[in-house]
Amino acid sequence: MRVLVIGSGAREHALARALLADDAVVAVVVAPGNPGIAELPGATCVAVHATDPADVVRVAGEHGVDLVVVGPEAPLVAGVADALRAVPYAVFGPSAAAARLEGSKAFAKEVMAAAEVPTALAHVCTTVDEVEAALDALGAPHVVKEDGLAAGKGVVVTDDRAAALEHARACLAKEGGAVVVEEFLDGPEVSVFCVTDGATVVALPPAQDFKRVGDGDVGPNTGGMGAYSPLDWAPADLADEVVTRVAQPTIDEMRRRGTPFVGVLYVGLALTSRGLRVIEFNCRFGDPDGQVSVARLRTPFGGLLHAAATGVLERVGPLRVSPEHAVAVVVAAPGYPASPRVGGVISGLEVAESVPGAYVLHAGTAVGPDGELISAGGRVLDVVATGATLREARHAVYQAVGLVSLEGSHHRTDIGLAAERGDIRVAAVEGA
Ligand code: AMP
Ligand code: GLY
């Protein structure tokens, strides 16, 4: 099988790597890819306008692929999967109509209500008066979200009513602006990636993502600074519960509406004292949380995604998952997330990869004028390591991070630390 992967980040680097580990996959073409992907044996990178459906169809045709896997949300929302299916290609990724589960928080809330999926109480507001009423009704801490694609950066969580209102005003000022004011969810956050063909749903191993830029969860939200899996502190049946209570009812509701969802439903949830509550849906693998979840999957990845894309996921059976622990640490450019400075020279990757169990995924890198590797984005690299225990995996990942050099770069030093120390508690569910 020849597979086309759309995207250019560490997520797509991990997807290409996992696909190439499947004996059924003979070649992976990544468009546009990145310098790290270009070095994978069996992978080729080609140029594309990823959000132009016609251009993606052209690339798929030129490379005679059997499966297209769309990594990021923007091409999905732009209708890339629809254009490919019309040809027809087997596509792992939802239609534009189904991708609204990520593209519009208000739509996601509506589907969750119809499917009786547990989520935070929310008010969709289009005026400042409505926002003020919602803030007062729900109380502090305040959660205000932009209703649209914001790559995890459109959310403000604060005790400061004035700051909440200011964020809401800024969102409403945009054309067609709407905001969602939500009840605050207390409790640890988890990511569960649910692969589906539109009817059958299977969950990959749960992961935890670290969204804030600084150690101890301080500073602004980012696209994600690190992740680990498994979550030894979480209920053992968490993935099954997420399928039964969240993903399956959502997928059934989408099919009932005539907009079946094919691809990965990324369920971001909080384990609260009142049970699990969905924080958000995304229509793609997480980044970097997807990397650690996929790292532990032993079911051949190409076969899994192809089965989902062609409506025969039922035939794959239960997923095989490695008991090992995986940790990813993002190395970010100086100034990220506010104003990342790019163009810095990166070195030390080979020696970092010599640490047993460690490897490096490229996120925002480019080849500079003299052939050197340079930073080209806010999140520059993901260093990933696996180990028999979380402690071993963390030790390896931080050893490898220490060998990478990029002037002024920063990373979190506490990815998976609270879990390693046994400091994460899930509140007993009231009434259970
Ligand atoms: P989102 O873009 O919806 O994923 O939100 C980004 C981050 O904001 C989440 O990962 C949470 O850390 C935080 N967040 C979002 N909604 C809530 C909520 N209702 N209660 C508490 N934290 C939230
Ligand atoms: N790591 C969070 C996301 O991919 O949205």
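The values are calculated or read from the model by the stated rules, or taken from the named source; none is laboratory data. Note that the structure is predicted; figures quoted are calculated from it, not measured. Using ideal geometry, Cβ is built from the backbone for each residue, glycine included, and neighbour counts are taken over all protein chains shown.
The residues of segment 164-189 that are part of a strand (DSSP E or B) and near ligand 1 (Cβ under 10 Å from one of its atoms), listed by number, are Val180, Val181, Glu182, Glu189.
Filtered by the rule that a residue be surrounded by 17 or more Cβ atoms within 10 Å (Cβ to Cβ) and in a loop (DSSP other than H, G, I, E, B), segment 398-407 gives a lone residue, Val404. Restricting attention to segment 336-350, does a residue exist that is surrounded by 15 or more Cβ atoms within 10 Å (Cβ to Cβ) and within 21 Å of Val294 (Cβ to Cβ)? Scanning segment 336-350, I find at least one residue that is surrounded by 15 or more Cβ atoms within 10 Å (Cβ to Cβ) and within 21 Å of Val294 (Cβ to Cβ), so the answer is yes.
If you go through segment 110-145 and pick out every residue that is under 26 Å from Ala97 (Cα atoms), among the aliphatic types (A, V, I, L, M) and touching a residue at least 40 places away in the same chain (Cβ under 8 Å), you end up with 9.
Using the structure shown, decide if Gly216 is within 16 Å of ligand 2 (Cβ to nearest atom) and in a loop (DSSP other than H, G, I, E, B). Answer is no for this residue.
Which members of segment 380-393 meet the condition of being surrounded by 23 or more Cβ atoms within 10 Å (Cβ to Cβ) and closer than 21 Å to Val190 by Cα? Of everything in segment 380-393, those that are surrounded by 23 or more Cβ atoms within 10 Å (Cβ to Cβ) and closer than 21 Å to Val190 by Cα turn out to be Asp382, Val383, Val384, Ala385, Ala393. Listed by position, the helices (runs of 4 or more DSSP H) contained in segment 60-127 that have at least 2 residues being within 18 Å of the chain's Cα centre (by Cα) and at pLDDT 95 or above are 73-77, 100-103. Per the listing Asp186, Asp129, the residue uniquely more than 16 Å from ligand 2 (Cβ to nearest atom), in contact with a strand residue (DSSP E or B) (Cβ under 7 Å, 6 or more places away or on another chain) and charged (D, E, K, R) is Asp186.
When both residues are 6+ apart or on different chains and their Cβ atoms are under 9 Å apart, which pairs have a first residue that lies in segment 408-420 and is assigned to a loop (DSSP other than H, G, I, E, B), and a second that is surrounded by 22 or more Cβ atoms within 10 Å (Cβ to Cβ) and among the aromatic types (Phe, Trp, Tyr)? Close Cβ pairs satisfying both conditions: Ser409/Tyr336; Arg412/Phe210; Asp414/Phe210; Ile415/Phe210; Ile415/Tyr228; Gly416/Phe210; Gly416/Tyr228. Within segment 36-54, count every residue that is in a helix (DSSP H, G or I), touching a helix residue (DSSP H, G or I) at 6+ places or on another chain (Cβ under 6 Å) and not β-branched (Val, Ile, Thr). Result for segment 36-54: 2.
In this structure, is Val202 crowded, with 20+ Cβ neighbours inside 10 Å, modelled with pLDDT under 95 and in a strand (DSSP E or B)? Here the answer is no, as Val202 does not meet what is asked. Within the set Arg161, Arg169, the sole residue that is without any contact (Cβ under 8 Å) to a residue 40 or more places away in the chain and over 27 Å from Arg379 (Cα atoms) turns out to be Arg161. A count restricted to segment 132-148 and to residues that are away from ligand 2 (no atom under 16 Å from the Cβ) and surrounded by fewer than 19 Cβ atoms within 10 Å (Cβ to Cβ) stands at 8. Pairs linking a residue in segment 348-377 that is of a type in the set (Asp, Glu) to a residue that is surrounded by fewer than 16 Cβ atoms within 10 Å (Cβ to Cβ) and not in a loop (DSSP other than H, G, I, E, B), with Cβ atoms under 7 Å and 6 or more positions apart or on different chains, are Glu372/Val345.
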